[in-house]
Amino acid sequence: MTVTIEPAASFNDPALPPESELLPWDDQEFRDNPYPWYEKVRAESPVYQVSDGTYLVFRHADIVRWGKDPCMSVADPDMGAWEAFAHTMLFKDPPEHTALRRRTAKWFTPKLIKRWAEHTADVVRETLDAATPGEVIEAHLELAVKPTHVTMCRILGFPEHDVKPVPESMITAMDALVAEPHPDSDAAAAQAFAYLEGRVREMIAEKRRNPGTGLADELIAAQDRGELTELNVLQTLMLLFGSGGHNPGFTGAIGLEFFAQRPDILETYRNQPEERSMIIEELIRLNPAEMSFPRITTADIEISGVQISAGSTIRFMIGSANRDPEVFERPDEFDHTRPLAAKHLSFSIGPHACAGQLLSRVELETMFTTIAERCERIELAGEPVTYHTDRGRNYRSLPIRLH
């Protein structure tokens, strides 16, 4: 019997509205809240091909099945400005990815992460101690970005300044990855990476003059033994230095804004420690810092009845999968008592799942717990300023008062 497989629904499919209506990438309302659009596409065309040929995959089950398949490669031949990370585990497939990841993994074991989280708590306490009662605090920078950035700097053995320009550089770089980038986005990303590279080169040079005992020192020593290349070390340190406060800072800020809006959940968090991790997981599910992850398939495959040729780019839509009603009942509602079997995909999936996810979770719990133990109530002191795209989400400012 011959089985006919329908092609992917796409931008030129007369049965569907045009791509500009289904996925209005540049519309600010869509960027701020894309979930109603995702719901429609997920129901009508869960594998959708956009105008540049990329296949978007919207269903949770499809992403779980294919996101970790060995045929999914991260070796993108057209990285643009993101060539700055080409020699890191971010853009290497196994076995090279495995070897590079192993170099840093031993610094992020559960035992060590508990020690690193002490740095996070120290920085939060310093900010709280310095604030007068009722004072407005720029919470995104001072209570979310700074503690996580400083923690990563202390792991690396790097100086602790650059708290603001480093996350800003990563936000700028992420703009080059959106579905419809601005013509200047790649140049702006290249400039952002040049800043990170310049700072890291300075710190490597200082390390060679005055060695220490941090992760950076270990990687430099591995280079000297011929086990890593200069670019492996430089770009890995750029990646860690740049990402330490970037995504964790967003998630920390989203939690503080949420606690201001839902004082009942803050009270639960404070008084029921056994529920803290569940509250954090639900915050992460509803608010992924990165809304998708790309792969290039190395084999002809079929996803939900759609044939996709080898060499095609696939974008797995985390923001859609995390609100898939086939997995999460009342998917748009906050419910930290959800069954643990319902797994969000905010840290990606498979061998390239976020290497820092355990650290991020512990940093978040440390940050929220330190604040909850010191403050009864969080109040928004102004309208938060966010910076959302179809690729990533972040804050520009989050003014709050702690009571």
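The values are calculated or read from the model by the stated rules, or taken from the named source; none is laboratory data. Just so it is clear, the model here is predicted, and its values are computed rather than measured. Every residue, glycine as well, gets a Cβ built from its backbone with ideal geometry; the counts of neighbours run over all protein chains shown. Please note that ligands, DNA and RNA were not included when accessible areas were found on the heavy atoms of the full protein model with its side chains. Shrake-Rupley method; radii C 1.70, N 1.55, O 1.52, S 1.80 Å.
Does Asp264 satisfy the condition of being loosely packed, with under 14 Cβ neighbours inside 10 Å, under 28 Å from Tyr395 (Cβ atoms), among the acidic types (Asp, Glu) and without any contact (Cβ under 8 Å) to a residue 60 or more places away in the chain?
Details: loosely packed, with under 14 Cβ neighbours inside 10 Å: yes; under 28 Å from Tyr395 (Cβ atoms): yes; among the acidic types (Asp, Glu): yes; without any contact (Cβ under 8 Å) to a residue 60 or more places away in the chain: yes.
Yes; evaluated as a whole, the condition is true for this residue.
May I ask you to list pairs of residues, at least six apart or on different chains, whose Cβ atoms are under 9 Å apart, with the first in the stretch 49-61 being open to solvent by 30 Å² or more (accessible area, probe 1.4 Å) and the second being part of a helix (DSSP H, G or I)?
Short answer, once both residue conditions are applied: Ser51/Glu19; Arg59/Arg42; Arg59/Ser320; Arg59/Ala321; Ala61/Ala321.
Please go through the stretch 335-371 and give me each residue that is hydrophobic (A, V, I, L, M, F, W, C) and in a loop (DSSP other than H, G, I, E, B), ordered by number. If you could, list the steps in order and put the result at the bottom.
So in the stretch 335-371, the residues hydrophobic (A, V, I, L, M, F, W, C) come out as 340-342, 345, 347, 349, 353-355, 358-359, 362, 364, 367-368, 371.
Of everything in the stretch 335-371, those that are hydrophobic (A, V, I, L, M, F, W, C) and in a loop (DSSP other than H, G, I, E, B) turn out to be Leu340, Ala341, Ala342, Leu345, Phe347, Ile349, Ala353, Cys354, Ala355.
Please give the number of the condition Tyr387 fails out of (1) of a type in the set (Ser, Thr, Tyr); (2) modelled with pLDDT of 95 or more; (3) under 19 Å from the mean Cα position of the chain (by Cα).
Of everything listed in (1) of a type in the set (Ser, Thr, Tyr); (2) modelled with pLDDT of 95 or more; (3) under 19 Å from the mean Cα position of the chain (by Cα), Tyr387 misses just condition (2).
Hey, can you tell me all the residues within the stretch 77-93 that are out of contact with any Lys or Arg (no Cβ under 9 Å at 6 or more places or on another chain), in contact (Cβ under 8 Å) with a residue 60 or more places away in the chain and under 26 Å from His344 (Cα atoms)?
Thr88, Leu90
Looking at (1) more than 22 Å from the chain's Cα centre (by Cα); (2) within 26 Å of Ile155 (Cβ to Cβ); (3) β-branched (Val, Ile, Thr), which is the only condition Val74 fails?
So Val74 meets the others, but not (1).
Working only within the stretch 128-181, note down all residues that are β-branched (Val, Ile, Thr) and touching a Leu at 6+ places or on another chain (Cβ under 6 Å).
Ile155
Please determine, by comparing only the residues of the stretch 285-321 that are open to solvent by 10 Å² or more (accessible area, probe 1.4 Å) and of a type in the set (Gly, Ala, Ser), which one is farthest from the chain's Cα centre (by Cα).
Gly305
Name the single residue, out of those in the stretch 101-152 being farther than 23 Å from Gln235 by Cα and among the β-branched types (Val, Ile, Thr), that is nearest to the chain's Cα centre (by Cα).
Thr120
Look at Val327 and say whether it is in contact with a His (Cβ under 7 Å, 6 or more places away or on another chain), closer than 30 Å to Lys40 by Cα and surrounded by fewer than 23 Cβ atoms within 10 Å (Cβ to Cβ). Even if it seems obvious, please write down each step before you answer.
On the way: in contact with a His (Cβ under 7 Å, 6 or more places away or on another chain): yes; closer than 30 Å to Lys40 by Cα: yes; surrounded by fewer than 23 Cβ atoms within 10 Å (Cβ to Cβ): yes.
Judged against the criteria, Val327 is a match.
Just name the residue that is farthest from the chain's Cα centre (by Cα) out of those in the stretch 233-280 that are of a type in the set (Ser, Thr, Tyr) and closer than 19 Å to Cys354 by Cα.
First pass over the stretch 233-280, keeping only residues of a type in the set (Ser, Thr, Tyr): 236, 243, 251, 268-269, 277.
Those still in the list that are closer than 19 Å to Cys354 by Cα too: 236, 243, 251, 277.
Values: Thr236: 17, Ser243: 9, Thr251: 9, Ser277: 18 Å.
By that ranking, first place goes to Ser277.
Considering only residues that are part of a loop (DSSP other than H, G, I, E, B), aromatic (Phe, Trp, Tyr) and under 21 Å from His344 (Cβ atoms), which ones fall in the stretch 23-66?
Initially, the stretch 23-66 is screened for residues part of a loop (DSSP other than H, G, I, E, B), giving 23-27, 33-34, 45-46, 50-54, 58-59.
Next cut, aromatic (Phe, Trp, Tyr) only: 25, 58.
Residue satisfying the conditions is Phe58 alone.
Quick check on my filter: what residues within the stretch 370-403 are touching a Lys or Arg at 6+ places or on another chain (Cβ under 8 Å), open to solvent by 20 Å² or more (accessible area, probe 1.4 Å) and of a type in the set (S, T, N, Q)?
Thr386
Looking only at residues that are closer than 16 Å to Glu230 by Cβ and either in a loop (DSSP other than H, G, I, E, B) or touching a helix residue (DSSP H, G or I) at 6+ places or on another chain (Cβ under 6 Å) (or both) in the stretch 72-88, which one is most open to solvent (accessible area, probe 1.4 Å)? Full working, then the answer.
Pass one, the stretch 72-88, residues closer than 16 Å to Glu230 by Cβ: 83-88.
The next check asks that each one be either in a loop (DSSP other than H, G, I, E, B) or touching a helix residue (DSSP H, G or I) at 6+ places or on another chain (Cβ under 6 Å) (or both); those that pass are 84-88.
Working: Ala84: 21, Phe85: 0, Ala86: 9, His87: 60, Thr88: 1 Å².
By that ranking, first place goes to His87.
To keep it simple, each residue is scored yes or no on (1) closer than 14 Å to Phe158 by Cα; (2) open to solvent by 60 Å² or more (accessible area, probe 1.4 Å); (3) touching a Lys or Arg at 6+ places or on another chain (Cβ under 8 Å); (4) at pLDDT below 95.
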residue: Asp186; (1), (2), (3), (4): no, yes, no, yes
residue: Met203; (1), (2), (3), (4): yes, no, no, no
residue: Glu206; (1), (2), (3), (4): yes, yes, no, no
residue: Gly214; (1), (2), (3), (4): yes, no, yes, no
residue: Ala221; (1), (2), (3), (4): no, no, no, no
residue: Glu227; (1), (2), (3), (4): no, yes, no, no
residue: Gln235; (1), (2), (3), (4): no, no, no, no
residue: Leu240; (1), (2), (3), (4): yes, no, no, no
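Restricting to the stretch 30-48, what's the tally of residues that are more than 21 Å from the chain's Cα centre (by Cα) and either open to solvent by 20 Å² or more (accessible area, probe 1.4 Å) or free of Cβ contacts under 8 Å to residues at least 60 places away in the same chain (or both)?
To start, the set of residues in the stretch 30-48 that are more than 21 Å from the chain's Cα centre (by Cα) comprises 36-37, 39-48.
From what is left, the residues that are either open to solvent by 20 Å² or more (accessible area, probe 1.4 Å) or free of Cβ contacts under 8 Å to residues at least 60 places away in the same chain (or both) are 36-37, 39-40, 42-46, 48.
Residues that pass the stated criteria total 10.
Is it true that Met367 is within 22 Å of Leu256 (Cβ to Cβ) and among the hydrophobic types (A, V, I, L, M, F, W, C)?
Details: within 22 Å of Leu256 (Cβ to Cβ): yes; among the hydrophobic types (A, V, I, L, M, F, W, C): yes.
Considered against the rule, which asks whether it is within 22 Å of Leu256 (Cβ to Cβ) and among the hydrophobic types (A, V, I, L, M, F, W, C), Met367 comes out as yes.
Can you spot a residue in the stretch 148-160 that is of a type in the set (Lys, Arg) and buried (at least 16 other Cβ atoms within 10 Å of the Cβ)? Spell out the reasoning first.
Step one: list which residues in the stretch 148-160 are of a type in the set (Lys, Arg), which gives 154.
Restricting the remaining residues to those that are buried (at least 16 other Cβ atoms within 10 Å of the Cβ) gives 154.
Scanning the stretch 148-160, I find at least one residue that is of a type in the set (Lys, Arg) and buried (at least 16 other Cβ atoms within 10 Å of the Cβ), so the answer is yes.
For the stretch 195-218, how many residues are free of Cβ contacts under 8 Å to residues at least 24 places away in the same chain and hydrophobic (A, V, I, L, M, F, W, C)?
Total satisfying the criteria: 1.
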